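Note sheet for the following structure.
Here, each number is a calculation from the coordinates, and none is a lab measurement. A quick note: this is a predicted structure, and the numbers were derived from the prediction, not measured. As a convention, Cβ positions derive from the backbone with ideal geometry for all residues, glycine included, and neighbour counts pool all protein chains shown.
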Amino acid sequence: MMKRKQIGIVLAVLILILLLPMQVFATDESGKCGENANWTLAADGTLTISGTGDMEDYNFDAPAPWSDREISAVVVADGITGVGAYAFYQQKSIVSVQLADTVTRLGVSAFAECEGLVRANIPTGVTVLETNVFNRCFLLESVEIPDGVISIGDGAFQYCEKLMSLHIPDSVENVGMSAFTGTGYTYNERNWTDGSLYCDGVLLYVRGMPATSDGTPFARSYTVKDGTRVIAANAFSGCADFKTVHFPVSLISIGKNAFMDCSDLTEISLPDSVRLLDNFAFFECGKLERVTLSRSLKKLGASLFDQCFALESVNIPAGVTEIGDYAFRHCRALTAITIPDSVERIGVEAFEDTGLTKLIVPETVKEIGAYAVGMRQVDYREEPDEYGLWFEYVPIDGFTLACVKNSAAYEYAEKNGITVELIEGAKTGGFILGTAYALGDLNGDGRVNSVDARLALRAAARLDTLSDFQKTVGDVNGDGTVNSKDARLLLRAAAHLEALPEKFFTA
């Protein structure tokens, strides 16, 4: 009897054991995820990253070691400085993320498509929110962008549909493409005013001019509101409503593609507060004729004015060091431009298919990209050339490159068979030392036209500072200053209504 009772007890215990959840017997999993970083996955689904330094970066072909595990929470412990790219990509069961204050880097797509993620913190040491870092976190309700973040990458919070509240600190200088597209904030019509969506000092999107209630035509100009510091990427893209846009002096940055394909835009004047003009900012603005750039710019981005077919007047400010690839490609109305002696690089096809017949390149330019100027496309190649380009290029008949012998520009011209005009000395302030310039030729391009009049007007209004030599050639009426009277005489001369005295000055 006792033996039967003991057997019954053993059987009962075995049955209870079999009924217990498997998790009771699960053991923690662990491994390395960086040179000095380790991971541990507890039985309750909490993944802890510990140690020091950065985690490894992952990708589609080499996913994180926990990519096929069920994770409910992520804790990145004190000492870890970087969360790797794609570290938690498509971990749909993660609900919360807790990052230590030591974290200063969140990699590309680090938490992208964590569809169950509700809460996450961004440590104060993070300065860049990389591309797609929280993309498609549909349930993300709360995240604070700390003061100190400088750049918000493309798609960073795209389709975070539950993200209704948003604050962008004043430290942010650049907002990428679709960074907040599809968020609760952008869906909420109460956040929009007259077709525009702002968030703090950032202009995110412009739909176009709203229709007037009485049916009268709306104004063809747009004024960015005072206090705006950043125009986000693609903000005006494809908007055909405006001929002009007015910018506040608070503006510091214009994102990539910001005005792409604004087909009716004709004139732009940027305040000197603007420090960043990103790639493709005015790409395909086919009617854009006149541009005044900020004197604070250091670089003209790639394809900045590409396919601005009507562009005929633009200044490259002194201080610009790089003219990006394709920056002025297909600007067919552009017949004159001055390269300041601050420029060190002219990019690939930067002035391809323009109206230029001559370009003076200072010896400060140390690099000129493939087919940057003076060349035209004629046919496809059977194989790409040494630059990876498929077009055949030949020198443009009648084009001259003016440069110092043995300079980068000289070598470029010699290599491509372009006609060279040798100049002596350094190019300073838009003029070649030892060269004679006509009265009124303020930009040193060898002709007197409306561009010179514009320079005189801007100098008169104290928007631009002229060099001493410019003041000499620009004093058309001989009163000792360059002012609006000189600008008027220059305009009349450009329109062939009045001839200027034939005077020449040597730089």
What's the magnitude of the charge dipole for the chain around its Cα centre, counting Lys and Arg as +1 and Asp and Glu as -1 at the beta-carbon? Answer in Debye, nearest 20. 1120
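Based on other C-beta atoms within 10 Å, arrange ARG329, ARG381 from fewest to most.
Numbers: ARG329 25, ARG381 11.
So the ranking, lowest neighbour count to highest, is ARG381, ARG329.
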In what sequence do LEU389, LEU197 fall when counting other Cβ within 10 Å, fewest first? LEU389, LEU197
Which angle between 0 and 90 degrees, to the nearest 10, do you get for helix 2-19 versus the longest principal axis of the chain when only C-alpha atoms count? 10
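When only C-alpha pairs under 8 Å and at least 6 residues apart count, what is the relative contact order of the chain, in percent?
Details: 1389 pairs, mean separation 25.4, N = 507.
Relative contact order for the chain comes out at 5 percent.
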Once you have all Cα-Cα distances for the range 436-507, histogram them in 5 Å bins from zero and send the whole-percent values. 3, 21, 33, 29, 12, 2
Dimensions of the chain along principal axes (Cα, Å, largest first)? 131, 61, 41
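For each pair in LYS405/LYS503; LYS298/LYS485; LYS92/LYS256; LYS298/LYS415; LYS366/LYS405; LYS298/LYS366, compute the distance between the two Cα atoms and list the pairs where it is over 24 Å. Show your work: numbers first, answer last.
Values: LYS405/LYS503 29 Å; LYS298/LYS485 32 Å; LYS92/LYS256 31 Å; LYS298/LYS415 29 Å; LYS366/LYS405 13 Å; LYS298/LYS366 16 Å.
Over 24 Å apart, Cα to Cα: LYS405/LYS503; LYS298/LYS485; LYS92/LYS256; LYS298/LYS415.
Among the chymotrypsin sites (Phe, Trp or Tyr not before Pro) in the range 326-403, which ones are in a DSSP loop with at most 16 other Cβ atoms within 10 Å of the Cβ? Mind listing them? Walk me through the numbers before you get to the answer.
On the way: sites: TYR326, PHE328, PHE351, TYR371, TYR380, TYR387, TRP390, PHE391, TYR393, PHE399; in loops: TYR326, PHE328, PHE351, TYR371, TYR387, TRP390, PHE399.
Hits after loop and neighbour filter: TYR387, TRP390.
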Taking Cα atoms only, helix 484-494 is inclined relative to the longest principal axis of the chain by an angle, in degrees rounded to 10, of 80
